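Scroll down for the structure; my scribbles are underneath it.
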Amino acid sequence: MAKIGDTQVSGGIQTTVTNIDPETGQITWDVDYTADYKRLFKEITQLMNTAKEVADATGEAFFMDHYNDIRKRRNELRTYLRNNKKAEYERIKGMNEMSGAGGAASFTAGAGPQYATPFAFKKKKKVDESNPGASLGKGPKATEKGVQDNYYYKLGWKPVAPPHSTKGVEVKYLWGKK
């Protein structure tokens, strides 16, 4: 239920409830047009990303200079908003991570395969065969185990055996390569 004094800001328009008729429930609003910092920041970020794509596609110094100028202006705008318009900056703060600004890949947090396999590229460790939980440096029982805590292994998948380690499988090399 609306109350006198309720204020909403959206798209550069600020509305404030100034009166509510007790008999009819009619609401009177005061409308003020304000600066839309969120839209400004979003559009300069899109401009920067487009300039980066053009600069990368053409490889020309002219377009790279313009991209660098736009990036500098965007960073100045962000710094100004952070220091002087704290409430507005808080509203747009998360846009940088979601929009892929700064030449980063564009993605929506939590969607897609980018975080689906957190251990997919984990480095191999030397592991003691008799005690798989203990890591070893060098030694007679140390072997390369790889990424045994991979998400897919937890689902029941098994790693592929290295070539020539499976008995009974005949291997033929084409073109005489080994």
Fill in: Cα centre as origin, Lys/Arg/Asp/Glu Cβ charges: the stretch 37-99 dipole, Debye
520
Discussion item. Past 19 Å, Cα to Cα: identify those pairs from 42/85; 3/38; 52/93; 3/86, in the order given.
Written reply: 3/38; 52/93; 3/86
Fill in: Farthest positive-ward along the stretch 37-99 dipole, Cα basis, beta-carbon charges - from 41, 70, 58
41
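Since every read-out is calculated from the coordinates, none of them should be taken as a lab result. Since the model is a prediction, treat every value here as computed from it, not as a measurement. Positions of Cβ are generated from backbone atoms using ideal geometry, with glycine treated the same way; all protein chains shown enter the neighbour counts.
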